[in-house]
Amino acid sequence: QVQLVESGGGSVQAGGSLRLSCAASGSTNRLVGMGWYRQEPGKQREMVAGITSSGITNYADSVKGRFTIFRDNAKIMVYLQMNNLKPEDTAVYYCNANRFGTNYWGQGTQVTVSS
C-alpha cells in the first residue's frame, strides 16, 4: 500500500501562484509515475501533470507554460508549482502514484482561484 498526503491548496486571486506538495509513504519502492489530477464538481477527474521516476514530464494543454511538476525521489515527494492561475483552475487537486500497475490517490486539496 502507498499513502499519499497533499498540502498547499488554498485560495488565490487570478494571476497568483500556489505550490502543491504530496508526500508518499508506505510501500514506495518501485513507484513508477507520480502526478496530479484535478476534479471540478460534476465533472470527470482529469490529468494535470505527470512525472516518471526518471524525470520525464507531461502536462495537460490547459496548464502548459504555467504549471511545473517536479519530484524529490529521496524524500519521495512530488510538487506542482502553479503560476498565473486562472479561475478555471479551480478544482480539488489529487496526488496520484502508480506502483506495479496500481493507482493510489491522496485525499485531495482544494484550489480556488477568484477573478
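The values are calculated or read from the model by the stated rules, or taken from the named source; none is laboratory data. Predicted model, so just to flag it, every value in this text is computed and none were measured. Cβ placement follows ideal geometry from the backbone for every residue including glycine, while neighbour counts extend to all protein chains displayed. Remember, those area values only see protein heavy atoms, side chains included, never the ligands or the DNA or RNA. Shrake-Rupley method; radii C 1.70, N 1.55, O 1.52, S 1.80 Å.
Key figures
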read-out: Selection within the stretch 87-115 - within 15 Å of Glu46 (Cβ to Cβ) and modelled with pLDDT of 95 or more; value: Glu88, Asp89, Thr90, Ala91, Val92, Tyr93, Tyr94, Cys95, Asn96, Trp105, Gly108, Val111
read-out: Index of the failed condition, Thr57 passing every other in (1) under 23 Å from Val2 (Cβ atoms); (2) in contact (Cβ under 8 Å) with a residue 40 or more places away in the chain; (3) of a type in the set (Ser, Thr, Tyr); value: (2)
read-out: Residues of the stretch 24-79 that turn out to be of a type in the set (Gly, Ala, Ser), surrounded by 15 or more Cβ atoms within 10 Å (Cβ to Cβ) and at pLDDT 95 or above, as a count; value: 4
read-out: Selection count where residues are farther than 21 Å from Ser53 by Cβ and surrounded by 12 or more Cβ atoms within 10 Å (Cβ to Cβ), scope the stretch 1-16; value: 8
read-out: Output for the stretch 61-79, where each listed residue is closer than 25 Å to Val2 by Cα and part of a loop (DSSP other than H, G, I, E, B); value: Asn73, Ala74, Lys75, Ile76
read-out: Hits in the stretch 104-115 (condition: surrounded by 18 or more Cβ atoms within 10 Å (Cβ to Cβ) and among the hydrophobic types (A, V, I, L, M, F, W, C)); value: Val111, Val113
read-out: Pairs, first at negative phi in the stretch 89-102, second surrounded by 20 or more Cβ atoms within 10 Å (Cβ to Cβ) and at pLDDT below 90, C-beta under 6 Å, six or more apart; value: Ala97/Leu31; Arg99/Leu31
read-out: Pick from the stretch 80-103, criterion assigned to a loop (DSSP other than H, G, I, E, B) and not small (Gly, Ala, Ser), ranking: most open to solvent (accessible area, probe 1.4 Å); value: Phe100
